[in-house]
Amino acid sequence: MFSNQHDAESEGDGNSSDSDLENDINMYSLRIYREDSTFGTFHCRLSTTTAEFMQMAAKKFFIPDITRHCLYMQKANGLDRTLKANERPANILKRYLEQMGYRPEDNITLQGREDNSYLCKFSLLKAAIPRVSPNMEVEVSSFHYVDLRARKLQTVPVFLYAHANKIVSLNMSKNPGLNFPADFVQLCGNLKELRLATCQFTRFPHSLQYFGQLTYLDLSGNDIKRMRHAPLDKLQNLATLMMRNNRLVELPESLAELKALKTLNVSNNNFQEFPTIVTRVASLVNLDISMNRISEIPNAISAMADLEQLNVMGNMLTGKLPKGLGNLQKLRELDVRQNKLQNLSIASELAALELLYTETNMVTRAHMELATATHVSFKANKLTQFRVMNPAHTLVFLDLSGNQLTELPSDTFMHLTNLEHLILDSNHIVSIPASIGNLRNLIKLSCTNN
């Protein structure tokens, strides 16, 4: 049975690192609320555990039997859970404050006296056995598609066991601290889609390896950092894997065993390097690795011959894209927005490219071949030159706003006969070529602030 336990040393909420413990000499303030919305302020060290807090609360609030109470944490998104005995509430708050930009010089030791519920809120409440609503089974209108989002469930409801083999799609997202037992998993012989987003998992649930027929898995919005031992190789039918909004720094070698995988979304994680294991997933069609801290795409990306969509927006890419990218002859959509790229000439080698998004980079010169493109945006770059090198009869949208263009070549619009939207705002253009008269399908022309 898999249990969503927090790592005692590093990964769990509030578990201090060795360096924290070595310097654990300061006293921190922490506000604890009661059921009647009153609160008490406690003074403790980072290493103070929930179990120790409970004893302090018993004395401060004059509670004769503290074992009947639990310490709950509610995050700003409204999700709450019971803190385990070995978790460290003061350190949880400290880490959230640091993520918001607080530093030691901001008197972070005293910030806990304030109302920090915009980050998290700690409450001492009477312990209650999580109960499944008596109407929940009635609310499930179809056991083929079961939606139990945000029900404060800590495990799979008992009534689902009798219908496990009927379930095709199961959504148990937004149930913090959820335990997903292997005995239930092994009963779900027909499950195709599983959504476990925002359940506060810190590790990949190993019980999921028994979902042999699974084609769609969503573990987004959890706290998973490493997947080194994730048994992905057991999920041979998996076509879509959603892991966005976690804390991933690596992907497992077992990812390469997913021969049916078409879509992988690992956006908004903590990758500092492009996970090269991805280039060995030859079946991938859609890859979203946006909003990370990747500085370079490896030339090995050339091996991803079936790739049609690539999103690397919001990384730290500089210079130019690798030559290997030009081998992706099926690539239809390329999104490189919000990087620091200076050269995008490789895009001209993409024979199937339809959508090219380059906003907020540092490209100064773009001489492009756009034979199949329909939508192209160079908004907010540093362009001083833009030229279309071949007829682009499929292009319907072109955005060159927010650049440093002073003119466009006289034959520019001879090549763009089907253009419908042309945006030239915020440049230094003094005149538009007469060839614009060839744009018989033009719907919108915007050239303000020139």
Heavy-atom SASA rank of 389, 56, 304 (probe 1.4 Å, accessible area, largest first): 389, 56, 304
Lysines whose Cα lies under 24 Å from that of residue 382, excluding same-chain neighbours fewer than 8 positions away: 320, 323, 340, 444
Accessible area (Å², 1.4 Å probe, nearest 10) - residue 216: 50 Å²
The chain, dipole about Cα centre (Lys/Arg Cβ +1, Asp/Glu Cβ -1), debye to the nearest 20: 580 debye
Area accessible to solvent at residue 113, 1.4 Å probe radius, in Å²: 110 Å²
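Please work out the FRET efficiency for the pair residue 190 and residue 25, using the Cβ-Cβ distance as r and a Förster radius of 56 Å; give the result to the nearest 0.05. Before the final figure, lay out each step's value.
Working: r = 57 Å, r/R0 = 1.02.
The formula returns an efficiency of 0.45 here.
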Positive-end residue of 184, 221, 201, charge dipole of segment 180-267 with Cβ unit charges: 221
Nearest-0.05 FRET efficiency for residue 213 and residue 362, computed from C-beta distance (R0 51 Å): 0.60
Nearest-ten-degree value, helix 89-99 long axis tilted from longest Cα axis of the chain: 10 degrees
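Taking the mean number of other Cβ atoms within 10 Å as a proxy for protection, how do you rank 306-312, 231-237 from highest to lowest?
Values: 306-312: 20.7, 231-237: 17.6.
Taking the mean over residues of other Cβ atoms within 10 Å, the ranking is 306-312, 231-237.
Can you flag which of 75/259; 192/379; 121/262; 59/121 are past 31 Å Cα-Cα?
Details: 75/259 38 Å; 192/379 41 Å; 121/262 40 Å; 59/121 21 Å.
Violating the 31 Å Cα-Cα cut-off are 75/259; 192/379; 121/262.
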Structure-based [θ]222 nm, the chain - -39500 (n - 2.57) summed over DSSP H runs of at least 4, per residue, nearest 500: -2000 deg cm²/dmol
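Find the accessible area per residue for the chain; the probe is 1.4 Å, ligands and nucleic acids are left out, and the unit is Å².
47 Å²
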Of all accessible heavy-atom area on the chain, the percent that carbon and sulfur account for (1.4 Å): 48 percent
With Cα atoms, 0 to 90° folded angle of helix 50-60 axis to the chain main axis: 60 degrees
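Given R₀ = 25 Å, FRET efficiency for residue 342-residue 387 by Cβ-Cβ distance, to 0.05? Provide the component values of the computation, followed by the final result.
Values: r = 17 Å, r/R0 = 0.68.
In this case the efficiency is close to 0.90.
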For the chain: relative contact order, % (alpha-carbon pairs under 8 angstrom, 6 or more apart): 7 percent
For peptides 223-229, 393-399, sequence by mean Cβ density within 10 Å, most packed first: 393-399, 223-229
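The values are calculated or read from the model by the stated rules, or taken from the named source; none is laboratory data. All of these numbers come straight from a predicted model, not from anything done at the bench. Counting neighbours? That spans all protein chains shown, and the Cβs are built from the backbone with ideal geometry, glycine included. Just the protein is used for accessible areas: all its heavy atoms, side chains included, with ligands, DNA and RNA removed. Shrake-Rupley method; radii C 1.70, N 1.55, O 1.52, S 1.80 Å.
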